[in-house]
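The values are calculated or read from the model by the stated rules, or taken from the named source; none is laboratory data. Predicted model only: the values in this text are computed from it and were never measured. In this analysis, Cβ positions are derived from the backbone assuming ideal geometry, glycine residues included, and neighbour counts consider all displayed protein chains.
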């Protein structure tokens, strides 16, 4: 006899709505268990869900029933196809319309880099999918505009981090871009994020105004003026591909290397890079240099700002000279980008520090509350164990119950100890963060006081001297150091 889920898949494939409903009813009565998004294990349906099968074979009534009971409309199969891909491929117009009605995404990219409209032969279905795709894109653009207006930095970051992110220079009915909106509302963190993402400061709205014209604060005007003077759009093209990288311990190993926004990252495989998981390493390209071997153009060495060296080589199989040239050019562009805007990015650290300190404080309070509750739990478990032991009740319970209580007590104690360690580490992090922030402020003060004869310079000199003494004592212990020398060096 077939397993319930295999029967479920078979009913979806054959369009057997009564059979499908019987199994769903049996699941609701808890007579059997079926995962509505189960995947086929046979060769004929490997990796496909019931919704994939019903959509592919055009069983509209089964598709609707599955969607009504909560089937995941955008779940991909083993090759990245969604149910919408399958319905579009087989020309099931009514099923396509139904899937779109239930929120199917028309922009999902499958394993062969195709979206649903790319796999259909029907001009009518392609038109429907293109319209749905434009609607989805516009919805994301409106969400981006709203996030910029309201200063919702987390939503802004999420949208810009998507694999297929909305147009960063999209406009509302008045021709205002997200940068216009953020500048007008005084949302400085959003302005910086948009500029880092490649937003253009030179776009004009319907009245011929740029974001600088609408900026409501002096700080934002300074940022936008600096961007305009430096040539407008802060954007550099992403570059990625396969490279061999040398390691001191493992020798040459193959990595998928990504250059993005002035940072080089490397991953074990391309899929990790696409999902931004399991990154093996990364380096900022600020003030970095590429060194090339004269005799072998396949090799190049990246010298970073901290003088670390990273050796790379391209595969000799396919036009290595052209590939290496493209990588060298890309590294040069990203290095220039990172170096060019480094000071501007650092300028935002001072304001962002307050938010970081706030989040650290909230985390500390949460850990302290968790530790208090954990200690209370430990005491209650200990009291219960003592009650059973001293009251002669232990014999009334199975030995496994007493043993389990002892295990809970031990685990509770270990949890409390771990929480105390976390609190200690967090406390140390807060202090170091504050000290580093102090260094940033003091270095900024030195840059501002060019006139060494002014009273401001004398005041900052005194504060700097005292602060450096405290910082060195905290970080390095009571070492004999020349604070005068530290103060006036570099």
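A few remarks follow.
- Residues satisfying the stated conditions in segment 47-59, i.e. part of a helix (DSSP H, G or I) and within 32 Å of the chain's Cα centre (by Cα): 50, 51, 52
- Scanning segment 39-59 for residues that are at pLDDT 95 or above and surrounded by fewer than 17 Cβ atoms within 10 Å (Cβ to Cβ) gives no hits.
- Screening residue 116 with (1) outside the structural domain of residue 88 (by TED's automatic domain parsing); (2) surrounded by 18 or more Cβ atoms within 10 Å (Cβ to Cβ) gives one miss only, at (1).
- Within segment 385-401, the set of residues being surrounded by 15 or more Cβ atoms within 10 Å (Cβ to Cβ) and modelled with pLDDT of 70 or more comprises 385, 388.
- Summed over segment 150-164, residues that are surrounded by fewer than 19 Cβ atoms within 10 Å (Cβ to Cβ), without any contact (Cβ under 8 Å) to a residue 40 or more places away in the chain and assigned to a helix (DSSP H, G or I) total 5.
- Counted residues, segment 11-25 - those being out of contact with any helix residue (DSSP H, G or I) (no Cβ under 8 Å at 6 or more places or on another chain) and surrounded by 12 or more Cβ atoms within 10 Å (Cβ to Cβ): 2
- Here residue 167 meets each of (1) in a helix (DSSP H, G or I); (2) without any contact (Cβ under 8 Å) to a residue 40 or more places away in the chain with one exception, condition (1).
- The condition of being out of contact with any strand residue (DSSP E or B) (no Cβ under 7 Å at 6 or more places or on another chain), farther than 30 Å from residue 87 by Cβ, in contact (Cβ under 8 Å) with a residue 60 or more places away in the chain and assigned to a loop (DSSP other than H, G, I, E, B) holds for only one of 236, 223, that being 236.
- Residues of segment 183-220 satisfying the condition of being assigned to a loop (DSSP other than H, G, I, E, B) and either modelled with pLDDT of 90 or more or at positive phi (or both): 186, 187, 198, 203, 204, 205, 206, 207, 208, 209, 210, 215
- Subset of segment 111-131 [modelled with pLDDT under 90 and touching a helix residue (DSSP H, G or I) at 6+ places or on another chain (Cβ under 6 Å)]: none
- In summary, residue 308 fulfils each of the numbered conditions (1) surrounded by 14 or more Cβ atoms within 10 Å (Cβ to Cβ); (2) within 22 Å of residue 250 (Cα to Cα); (3) touching a residue at least 12 places away in the same chain (Cβ under 8 Å) with the single exception of condition (1).
- Any hit, segment 351-362, residues being over 30 Å from residue 152 (Cβ atoms), assigned to a helix (DSSP H, G or I) and either at pLDDT 75 or above or outside the structural domain of residue 286 (by TED's automatic domain parsing) (or both): no
- Any chance residue 194 is assigned by TED's automatic domain parsing to the domain that holds residue 148 and under 16 Å from residue 156 (Cα atoms): yes
- For segment 82-103, the tally of residues that are part of a loop (DSSP other than H, G, I, E, B) and surrounded by 23 or more Cβ atoms within 10 Å (Cβ to Cβ) stands at 2.
Let's see how each residue does on (1) over 29 Å from residue 161 (Cα atoms); (2) touching a strand residue (DSSP E or B) at 6+ places or on another chain (Cβ under 6 Å):
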site	(1), (2)
241	no, no
248	yes, no
251	yes, no
256	no, yes
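- Among the candidates 62, 73, 79, the residue that is crowded, with 17+ Cβ neighbours inside 10 Å, part of a loop (DSSP other than H, G, I, E, B) and within 38 Å of the chain's Cα centre (by Cα) is uniquely 73.
- Considering segment 254-299, the qualifying strands (runs of 3 or more DSSP E), each wholly inside and each with 1 or more residues that are surrounded by 15 or more Cβ atoms within 10 Å (Cβ to Cβ), over 20 Å from the mean Cα position of the chain (by Cα) and at pLDDT 80 or above, run over 289-292.
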